[in-house]
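> Quick one: this structure, given as structure tokens, is what I'll be asking you about.
The values are calculated or read from the model by the stated rules, or taken from the named source; none is laboratory data. Note that the structure is a prediction, hence the values are computed from the model and not measured. Note that each Cβ is placed from the backbone with ideal geometry, even for glycine, and that neighbours are counted across all protein chains shown.
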Amino acid sequence: LDDEKNQRSATFIQADNALVKVAVINTNEELMIARDVMRLALPQARELAVSA
């Protein structure tokens, strides 16, 4: 990794002589986790509400 590129938030942060490219992909991890929880939990919550 190229520390200078990483510090300035470059899109690709591999060293100039690297054999592979290293891309930085911005994510909102909390939002992704919340969406996964909702997707997984809601169908089960609906089943419990109907059977109660």
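> Suppose we keep only residues that are small (Gly, Ala, Ser) and in a loop (DSSP other than H, G, I, E, B) within the stretch 1-39. Which one would you say is modelled with the lowest pLDDT? It would help to see each step written out before you state the result.
Quick first cut of the stretch 1-39, residues small (Gly, Ala, Ser) only: 9-10, 15, 18, 23, 34.
Filter again for in a loop (DSSP other than H, G, I, E, B), leaving 9-10, 15, 18.
On the way: 9: 81, 10: 86, 15: 91, 18: 92.
Checked the stretch 1-39; the qualifying residue modelled with the lowest pLDDT is 9.
> Here's something else I'd like to know. Six or more apart or on different chains, Cβ under 8 Å: which pairs go from a residue in the stretch 29-41 that's in contact (Cβ under 8 Å) with a residue 12 or more places away in the chain to one that's in a helix (DSSP H, G or I)? Could you list them?
As it stands, the answer is none, since no pair meets every condition given.
> Another one. Any chance you could count how many residues in the stretch 1-31 are surrounded by fewer than 10 Cβ atoms within 10 Å (Cβ to Cβ) and either touching a Cys at 6+ places or on another chain (Cβ under 8 Å) or among the aromatic types (Phe, Trp, Tyr) (or both)?
Total satisfying the criteria: 0.
> Need pairs with beta-carbon distance below 9 Å; first residue of a type outside the set (A, V, I, L, M, F, W, C) and within the stretch 6-25, second part of a strand (DSSP E or B) and modelled with pLDDT of 90 or more; sequence gap 6+ or separate chains.
Going by the 9 Å Cβ cut-off, the qualifying pairs are 11/23; 14/23; 21/12.
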